[in-house]
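Everything on this sheet refers to the single structure shown next.
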Amino acid sequence: MEGVDLSAVSLRPFRISDADDFLSFAGDDQVTRFMRWNTLASREEALATIRDVCMPHPWRRAVCVGDRCVGFVSIWPGSGDDRCRADIGYGVAREWWGKGVATRALRMTLSQVFGDLPDVLRIQAFVGADNKASQRVLEKAGFTRDGLLRKYAYLKGTLQDLYLYSFLSTDVVPAAAD
Amino acid sequence: MEEQEQQSPRTSSGSGSGVISLRSLKLSDVDDFMAWAGDPDVAHFCRFEPYTSREAALAYIAGTVLPHPYFRAICVDGRPVGQVSVTRNESLADACRGELGYALASGYWGRGIATEAVRAAVAEAFSARPELERVEAIVDVENKASQRVLEKDGFRREGVLRKYQVLKGRTRDVVVFSRLSTDVDS
């Protein structure tokens, strides 16, 4: 299987023209399995999500390889007393798994987002205890595992133990391995 | 003047300083409420600034306490000396989880009262809310007394969350504790 030239990975705002690419991963149960999103079922839903959620979002980026959108990264900042922290979520199309794309996208996110959201000092990620692949991505991107939160929330009807990972504005993004 | 009302089960203090019980906090409790809510030592690790007026305290009781899904006065010999609460999340995915908060008038510290009251409150909250699986507490890293209360009540320390929240203008590290409805006292 060919590796990816990771210098071809970029982050940019979503465009309406990303709808078909968006549907191809957001319509895939294997991608949405560990996410709160319901799997998208149509191009219309993809268009509506891009228009109503992705584009007005406080910080959501399309993950691109070349000019093709293959995933997303979202940052949800808190408000009031919670304004110093933000939750991160991400997903990548299945055919781009295992090639370092998600790790690269997270490292790029961590290099940019604190400048874009100056109140945010802490980025955190909730990950299912059985979602080993995502745990590895976060660890390679430089996140610290804070602990295991028992029976924290339901995900698609199943009560979950979730790991909480964090990365601070003062933490150092690891250098790329390649 | 006191109404006889259904009281929560009483517990007794191991140190013999009076009978501890939980009941609803009422507007008529405002002066007792001010004794802890107006005290800077009590408010130090809390999100609120100490209450300085009866009007503000009444507004808090009316607006936050009375409609709250679970908010109790901690009473010693029937007199309110503190408060304990467990939040409820409205979204289905998060309804399994509630956050514990409590405060006790400083004159009653160091006698095991908070430990006893929190234990009773958590048991009550689990009993009243079948969908509740997890009660969690977010405690400032420097708030050792509160961490001891939770440890004595069988909460598990799950981790330190760096720069988790802003408390009175300062970013703070916190410890997260949890107790599950299925946890058994050892």
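Brief remarks on what is shown
- Selection within region A:139-154 - within 23 Å of A:D82 (Cα to Cα) and either more than 9 Å from chain B (Cβ to nearest Cβ) or touching a residue at least 12 places away in the same chain (Cβ under 8 Å) (or both): A:G142, A:F143, A:T144, A:R145, A:D146, A:G147, A:L148, A:L149, A:Y152, A:A153
- Condition check for A:R136: facing chain B (nearest Cβ under 8 Å) and of a type outside the set (A, V, I, L, M, F, W, C): no
- Taking (1) under 18 Å from A:P174 (Cβ atoms); (2) surrounded by fewer than 18 Cβ atoms within 10 Å (Cβ to Cβ); (3) among the charged types (D, E, K, R) in turn, A:R104 satisfies each apart from (2).
Every residue, every condition in (1) more than 7 Å from every other protein chain (Cβ to nearest Cβ); (2) under 15 Å from the mean Cα position of the chain (by Cα); (3) within 15 Å of B:E99 (Cβ to Cβ), yes or no:
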residue: B:V135; (1), (2), (3): yes, yes, yes
residue: B:V141; (1), (2), (3): yes, no, no
residue: B:K144; (1), (2), (3): yes, no, no
residue: B:R148; (1), (2), (3): yes, yes, no
residue: B:K163; (1), (2), (3): no, no, no
residue: B:R170; (1), (2), (3): yes, no, no
residue: B:F177; (1), (2), (3): yes, yes, yes
residue: B:T182; (1), (2), (3): yes, no, no
residue: B:D185; (1), (2), (3): yes, no, no
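- Of the residues making up region B:45-66, those that are under 16 Å from the mean Cα position of the chain (by Cα), surrounded by fewer than 14 Cβ atoms within 10 Å (Cβ to Cβ) and of a type outside the set (A, V, I, L, M, F, W, C) are B:R47, B:T64.
- Exactly one residue out of A:L23, A:L40, A:L47 is in a loop (DSSP other than H, G, I, E, B), modelled with pLDDT of 95 or more and farther than 18 Å from A:V137 by Cβ, and it is A:L40.
Matching residues to (1) of a type in the set (G, A, S); (2) touching a residue at least 24 places away in the same chain (Cβ under 8 Å); (3) outside any strand (DSSP E or B):
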| site | (1), (2), (3) |
| --- | --- |
| A:I75 | no, yes, no |
| A:I88 | no, yes, no |
| A:S111 | yes, yes, yes |
| A:G115 | yes, no, yes |
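- Every test in (1) in contact (Cβ under 8 Å) with a residue 40 or more places away in the chain; (2) buried (at least 20 other Cβ atoms within 10 Å of the Cβ); (3) within 12 Å of chain B (Cβ to nearest Cβ) is passed by A:V127 save one, and that test is (3).
- Check on A:A129, more than 16 Å from the chain's Cα centre (by Cα) and among the small types (G, A, S): yes
The values are calculated or read from the model by the stated rules, or taken from the named source; none is laboratory data. Predicted, not measured: the structure shown is a model, and the values here were computed from it. Because the Cβ atoms are built from the backbone with ideal geometry, glycine has one as well, and the counts that use them run over all protein chains shown.
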